[in-house]
Amino acid sequence: MTQTNKEILETLNFLNQKTDNFKPQIVIVLGSGLGVFSQGLDGIKIPYKNIPNFGSSNVQGHKGELLFTEIENKKCIVMQGRFHYYEGNSMLKCTFPIKVFSQMGAETVILTNAAGCANPDFKPGDIMLIKDHINFMGNNPLIGPNDDSLGTRFPDMTNIYTKSLQQLALNKAKELDIDLKEGIYLATSGPSYETPSEVQMYKSFGADVIGMSTAPEAIVSKYLNMQTLGFSMVTNFAAGIKKDTTLSHQEVIEEGKIAGAKLSKLIMSVLADI
Ligand code: HPA
């Protein structure tokens, strides 16, 4: 048994005991600004710092807690904040919770993040359906010994983001009169924001938005054969897209709240029909 497998089992046992064997169907990972999603939801809450083998997350705008709850009659685990690579967590740590939740029975993952837009047709406050991603983090969460019981050594990444879930999200956005953009998410390691030249390069690669998360979890979800849906909340124009503006995390938090209110409504409505 690999070290990771031992850790998955240990964490699984801990969470099973704390939640009376909660059997999740869906995992929702909340990015900066989506705190509103879990407001008013009741359930079992467990701070990350109490969970064996979880990484550390100390970023402003993230709560650092798991919520086990029921939404629209679906059993959900809500990750209020995630483990970022730029915080010094290994790729394994960043994606460890997804592996544990998969073992608990979850078959669907909804990933959300804050991102800057490189596409000039987008603006802060918009939300974007992730159709595909570019992993430009310089690392991959599947590097290392492979456990064939979890997934294959060389997993296909053609359709990471499940087509039928994308269509459901688009239909629901229409019903709710939400202008849901569609595009490509490019993940960098961070924590520095991009230079304007890097943004131009990423744009030429095909990136519509740029962020510092999501790709590792999405790769692992696909590896584990889970259904995956992803959304970006556009919190700022990426560096150099509008002349003479500089970026701050405070701006990301504030704009994230605007996009977060819309995205929260959309995800609730998706959950009803998933
Ligand atoms: N770049 C990278 N990550 C981000 C940004 C950005 O402009 N905004 C929010 N997260």
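FYI, it's all coordinate maths here, none of it is from the lab. Being a predicted model, the structure only gives us computed values, none of them experimental. Please note: Cβ atoms are built from the backbone with ideal geometry, for glycine as well, and neighbour counts cover all protein chains shown.
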_Residue-span extension gain [residue 50 to residue 6] - 0.36 nm each, minus C-alpha spacing_ = 14.1 nm
_Assuming a strict under-18 Å limit between Cα atoms, what lysine pair count do you get for the stretch 126-274 once near-sequence pairs (fewer than 8 apart, same chain) are dropped?_
22
*Gain in length, residue 200 to residue 132, computed as 0.36 nm per residue apart minus the alpha-carbon separation, to one decimal in nm?*
22.6 nm
*When only C-alpha pairs under 8 Å and at least 6 residues apart count, what is the relative contact order of the stretch 46-104, in percent?*
28
*Over the stretch 1-129, what lengths in whole Å, largest first, do the semi-axes of the equivalent ellipsoid take, defined as the square roots of 5 times the eigenvalues of the alpha-carbon gyration tensor?*
25, 18, 13
*Which value in nm describes the separation of the simple spin-label points at residue 243 and residue 176, placed 7 Å from the Cα toward the beta carbon?*
3.8
*When the convex hull of the Cα atoms of the stretch 143-239 is projected onto a plane and the area is averaged over all directions, what value comes out in nm²?*
7.8
*For the stretch 177-186, what does the Karplus curve 6.51 cos²θ - 1.76 cosθ + 1.60, with θ = phi - 60°, yield as ³J(HN,Hα) per residue in whole Hz, taken in order and with x for Gly and Pro?*
6, 9, 7, 8, 6, 10, x, 9, 9, 10
*Segments 175-186, 226-237 sorted - mean Cβ within 10 Å per residue, highest first*: 226-237, 175-186
